[in-house]
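The values are calculated or read from the model by the stated rules, or taken from the named source; none is laboratory data. Fair warning: this is a prediction, and the values are worked out from it, not measured in the lab. Note: ideal-geometry Cβ built from the backbone for every residue, glycine included; neighbour counts use all protein chains shown.
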Ligand SMILES: [Zn+2]
């Protein structure tokens, strides 16, 4: 199966176009590339939860972003990936 192309939500697209009209499409793309480079998941950790204080239950803690501490995949990376694929066309149109 082909990997799904990340899509920008309409709200994110509007924000990106607004940013690009203010700072330029190149700046927005550089920001997205920097986010893609820096934001990455930490390791998911296996911990133990106690049920009724006597029964140990293994629990996998979900990975979080090392930069913004949001649950992986963090919203910043979702935006950056969406921008670098589907949103780029909108920014290209803006430059003309
Ligand atoms: Zn992040």
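Looking at the stretch 26-43, I want the residues that are more than 16 Å from residue 74 (Cβ to Cβ) and have a partner that is within 11 Å of the ligand (Cβ to nearest atom) and modelled with pLDDT under 95 with Cβ atoms under 7 Å, at least 6 apart or on another chain. Which pairs are those?
none
Filter the stretch 4-49 for residues that are more than 15 Å from the chain's Cα centre (by Cα), farther than 18 Å from residue 85 by Cα and modelled with pLDDT of 90 or more and give the result.
21, 22, 23 - these are the residues of the stretch 4-49 that are more than 15 Å from the chain's Cα centre (by Cα), farther than 18 Å from residue 85 by Cα and modelled with pLDDT of 90 or more.
All but one of (1) free of Cβ contacts under 8 Å to residues at least 24 places away in the same chain; (2) assigned to a helix (DSSP H, G or I) hold for residue 12, so report the exception by its number.
(1)
Identify all residues within the stretch 40-83 that are part of a loop (DSSP other than H, G, I, E, B), more than 14 Å from the ligand (Cβ to nearest atom) and touching a strand residue (DSSP E or B) at 6+ places or on another chain (Cβ under 6 Å); write none if there are none.
So the first thing to find is which residues in the stretch 40-83 are part of a loop (DSSP other than H, G, I, E, B), and the list is 40, 42-44, 52-54, 62-63, 66-70, 72-74.
Retained after the next criterion (residues that are more than 14 Å from the ligand (Cβ to nearest atom)): 43-44, 52-54.
Result: 44, single match.
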